[in-house]
Amino acid sequence: MSAPSREFHRQARQVTRDLNHRSFVQKALDGYYRKRDEYSARFRSWQGARDLAFEIKFDAINHLDHHLEEFARKAEARGTRVHWCPDGGAATQTILEIARQNNVRSIIKSKSMTTEEIHLNDALEARGFGVFESDLGEYIVQLRHEPPYHIVFPAMHLTRGQISDLFQSELGSAPTNDPEELTMIARRVMRKKFCEADMGISGANFAVSETGMISITENEGNARLTTSLPRIHVAVLGIEKVLPRMEDLALFLPMLATSGAGQALTGYNTLIGGPRQSDEADGPGQFHIVLLDNRRTVILADPEQRDALHCIRCGACLNVCPVFKNVGGHTYGTTYPGPIGSVITPHLRGLQSWKHLSAASSLCGACTDACPVKIDIHHHLLRNRRNAARKKPVWWERILFAGYIVLMRSPRLYRLGLRLGRIGQKFHPLVEGTRLDPLRAWTATRALPPLAKTSFREQWKARRR
Amino acid sequence: MEGPPQMTGKETILGRVREALRMPAVRKPAPSSAAHKPHEAREWLPAVGDTFAAQLELFQKNAEALKARFISCASLSEALDCLAGLAAGWKSVGMHRASLLEPFATRLQDAGVRILYTDGGYAMDDLEATDAGVTTCECLVAQTGSVLVTSASSGGRALSVLPPHHVVLARREQLLPDLTAVFELTHARFGSNFPSMLSFITGPSRTGDIERILVLGAHGPKELTILLLP
Amino acid sequence: MRISLFVPCFVDACYPQVAMAAVEVLERLGHTVEFPEAQTCCGQPPFNTGMWNEARVVARRHMRVFEDAEAIVALSGSCGAMMKVFYPELFSGDADEPLAREISSKTREFSDFLVNVLQVTDVGASFPGRATYHDGCHSLRELRLKRPPRTLLENVRGLELVEMDEAETCCGFGGMFSVKFPMISSAMGEVKCDSIEATGAEFVISSDSSCLMQIEGIFRRSGRPRRCLHLAEVLASRGSLPG
């Protein structure tokens, strides 16, 4: 068992027992389900929209080279600097270099999972830059020195009381149980940081190749400020973010809002197509786009799972996943938790170390139904399992299924197996639930159904006679 | 995977992409669906009503559901009074040069409100200290209750998001039915010369990051007022 | 119609009454039921584990057993989905791919077969009691059978059907998943059982005995037993509770 797998098992055992966590997460998501259903029902056809979204992303991803070149060409024509970074190290180096050359001291960030993926904050802080997350949820988890719990709702696992205690100890604020007061405490702190920052780092939700613009979706206005006030703006985005046309946003902005947050449209959807132009009042003098591969091309090279790159990081699959809801976002140990994370992490970080995530699913398929761009999520988990077993089967599974084949190929042996099982069953109560119980994985929490005195095939035979 | 050192990042990534795409994807769009037609999105998105009146009503309903303030004014003087009413207690506002805004600027100045124009540069702290930002917009969107601002139409990037209250002035003919129509408009208006920033503002700034409870005014304006002029 | 019954191995071994009930319902409707006795398992356990070579060995054998069937009725949404949805991918590019596609097209889950093939919505059953229906994930999302079992249950005399909040939420069984990740599987099962309990229903009905094994197992272990019945058992009932 790999180290990440052992850690997953350990944390899963812990969190699944935590009934407070279970009910808190369920309650947090109840409102989301209601709103998501309400707004998707307003679509003339949500299913038709999903089909079209799949088609558009299919076009974008399957002509990725064309769209990336077009995107970069259009962006550069408006004075944007485009940096192509094959891996996280190259991206980090690029951003550090921009910061150094421009004598940057303080950096403000708006929410970006891609920068989490390359551990950008650690690299910047290690070199003495002050880095502040401005999204409220991100700011809270940054103060706690922990990764986001969820890709859209980073602090959804925390109660207001915990946040009040955190602000009290980290910011010296007075304790309060009022979410509005807590939000205003963060707003005041952040206003100062915004005005002081030399550099703003954002992610992007979409990159429109037709116009060379990035699109950022948010609710708080922190991305607006991050991309407006500092003198340098750096946007970090994965190469899969492309959309061919501006018009495609007419579909994707509402779908992202509805799937991601249960909204018709989020508070701010901002397109940025360059640094401040000569006739404009304000805006950063420099705009850099960091295009990141970081093994996305490994997913691209898998013809079966290529559609995993359609992902718009809305988090809908996490919100409906019973595994996610029971083990929580941190248990995965990945930048991208939940079903889509379990699909792509083995590609991004190594199949043998991360295959356990694909096994840790009942394959219920709720994720696939929720996905606005129709990624075949739960079947990809199955394909990851196959790829892992093909390369390096687990020894005990090999033995188990070798025995299984012998039994299932011969109805005679199958019947014999049943008879032996009935004999074994008589002795099972002696060890049931104890360490000696070979079926302990089941019986520790669940009663075992008895084998019937006569099987159906025996009854069928008797009936025919 | 690593390319030879003389390759640029661009060559490396494009090389990987092209190599990866040599094998066609297994899952394809359903064969029945025709080639991608951008206007098809409209067929699936929420309905907006056929008449201007229906669309205006939808805009108001959507905007108000998002806790924006929407005021439809029958005349310019009514709109001027309306803004003056909102401005009670304001010391300074941020604005930009636009013919639509001129009478409003005069009225506010008469009421003793100091005006900071963002055109041609300003001090960030001064704008931060204003009581409101008053801007025009590119259009209003009935389908979503949104206002589209751009760095060209709305006094730059910060004016519509830094002050605690954003007041948008729009004329009735600026109302568009849906997002598809917006992109048709921006293409026609800007061609390849887009402003560096366009932003759909849909309600005041908000967050649900604490226990998924809605709080307005997370980082941007706590209030959004849309004044519709005849 | 000549119907070949596919009785999943665990139904054969643990829940023979489910298969007997299905036979009774189909015969009551005037059809001939066959049980190809050479059948064992459809190959789903190794398939879901990723051991597709092993799965193919057993699945190939299973296909041969049903090669001459006119219609195959599966008494489990999960095993039915294995044949209907996953066989074509498992045998993709294999010499037996045409056979896999043929088996796929001939296979129907029990409620699907009754409602959509035989066009029967009322089998003349009567069953007194308050029950809730659990959607097995394979029935619901691989086979898209949300309505058929409910249509059949709505026409059962005396039966009061109440929906639970988490009807579409997975019970957490998931085959090998249930023993590889027992803590997650059990937590999911507890969520399911709490939702069932909240309806006040005396009975839990499903088209999948494997889900019911999980649900019943948790209910029994936590000392709050509840009767779990396969859809076929309810449809076979003529007023008294099945033994």
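The values are calculated or read from the model by the stated rules, or taken from the named source; none is laboratory data. Everything numeric in this text was worked out from a predicted model, so none of it was measured. Note: ideal-geometry Cβ built from the backbone for every residue, glycine included; neighbour counts use all protein chains shown. Surface accessibility is based on the protein's heavy atoms, side chains included, excluding ligands, DNA and RNA. Shrake-Rupley method; radii C 1.70, N 1.55, O 1.52, S 1.80 Å.
Points worth noting:
- Furthest towards positive pole of dipole, C:C193, C:S4, C:S126, structure part chain C, Cβ charges: C:C193
- Helical content of chain B, expressed as a calculated mean residue ellipticity at 222 nm, amounts to -8500 deg cm²/dmol (DSSP H runs of 4 or more residues, -39,500 (n - 2.57) each, divided by residue number, nearest 500).
- Candidates C:S210, C:P149, C:S78 compared by Cα position along the dipole of chain C: farthest toward the positive end lies C:S210, with charges placed on Cβ.
- Cα-based shape type of region A:165-305, given that a ≥ b ≥ c are square roots of the gyration tensor eigenvalues and the cut on a/c is 1.5: prolate
- Rounded to the nearest 500, the helix-only mean residue ellipticity at 222 nm of chain C stands at -12500 deg cm²/dmol, with each DSSP H run of n ≥ 4 adding -39,500 (n - 2.57).
- Pairs of Cα atoms in chain C fall into 5 Å distance bins, from 0 up to the last occupied one, in shares of 1, 7, 14, 19, 20, 17, 12, 7, 3, 1, 0 percent.
- With a threshold of 21 Å on the Cα-Cα distance, the over-threshold entries among A:K35/A:K57; A:K27/A:K57; A:K111/A:K193; A:K27/A:K325 are A:K35/A:K57; A:K27/A:K57.
- Low-density loop positions, trypsin sites (Lys or Arg not before Pro), region A:71-118 - DSSP coil, at most 14 other Cβ in 10 Å: A:R105
- Volume per residue that the Cα convex hull of region C:2-117 spans, once the total is divided by residue count, Å³: 91
- Region B:107-213 - accessible surface per residue (Å², probe 1.4 Å): 28
- MRE, 222 nm, helices only [DSSP H, n ≥ 4, -39500 (n - 2.57), over chain A, to nearest 500]: -17000 deg cm²/dmol
- Surface burial for C against A, with a 1.4 Å probe and both sides summed, reaches about 5700 Å² of accessible area.
- With 5 Å bins beginning at zero, the pair-distance distribution over Cα atoms of region B:71-138 amounts to 4, 17, 29, 26, 17, 6, 2, 0 %.
- Gyration tensor (alpha-carbon) shape descriptor, region A:135-206, a/c threshold 1.5: oblate
- Three-way shape label, region B:53-229, alpha-carbon gyration tensor, a/c 1.5: rounded
- Averaging the sequence gap over all C-alpha pairs within less than 8 Å and six or more residues apart, then dividing by the number of residues, gives region A:237-287 a relative contact order of 18 percent.
- Degrees, to the nearest 10: B:76-86 long Cα axis against longest axis of chain B: 90
- Summary of the geometry: region A:54-132 and region A:135-163, compared by the centres of their Cα atoms, lie 23 Å apart.
- Loop-located trypsin sites (Lys or Arg not before Pro) in region A:284-353 whose Cβ has at most 12 other Cβ within 10 Å (DSSP): none
- Rg and Dmax [Cα atoms of the protein assembly as shown; Å; Rg one decimal, Dmax integer]: 30.5, 106
- Put simply, chains A and B cover up around 8000 Å² of each other's accessible surface, both sides summed, when a 1.4 Å probe is used.
- With respect to chain B, whose longest principal axis is taken over its alpha-carbon atoms, helix B:179-190 is tilted by about 80°.
- Spatial separation of Cα centroids for region A:272-297 and region B:77-103, in angstrom: 33
- Rounded Å value of the spacing that divides the Cα centres of region A:413-465 and region A:329-403: 31
- Estimated FRET transfer efficiency when R0 is 22 angstrom, pair B:S77-B:E57 (beta carbons, to 0.05): 0.35
- FRET efficiency, 1/(1 + (r/R0)^6) with R0 30 Å, evaluated for B:L185 and A:D279 via beta carbons: 0.90
- Rounded to 5, percent antiparallel among DSSP beta bridges of region B:53-229: 30
- Within the accessible area of chain A, the carbon and sulfur atoms contribute 53%, probe 1.4 Å, all protein chains present.
- The mean number of partner chain beta-carbon atoms within 10 angstrom of a residue's beta-carbon across peptide C:34-47 is 4.
- GluC sites (Glu not before Pro) restricted to DSSP loop in region C:43-104 with at most 14 other C-beta within 10 Å: C:E67, C:E70
- Here chain A carries DSSP beta bridges of which approximately 25% are antiparallel, counting only pairs with both residues inside.
- For region C:2-117, averaging the sequence separation of C-alpha pairs within contact (under 8 Å, six or more residues apart) and dividing by the residue count gives a relative contact order of 29 percent.
- In this structure the amide hydrogen of B:R114, modeled in the peptide plane, comes within under 5 Å of the amide hydrogens of B:S92, B:V93, none closer than 5 places in sequence on its chain.
- When its C-alpha radius of gyration is set against 2.2 N^0.38 Å (N residues), chain A gives a value of 1.14.
- Measuring nothing but alpha carbons in region A:178-218 and taking Rh as the Kirkwood radius, the Rg to Rh ratio lands at 1.18.
- Mean separation of Cα pairs under 8 Å and 6 or more residues apart, divided by the residue count, gives chain C a relative contact order of 20 percent.
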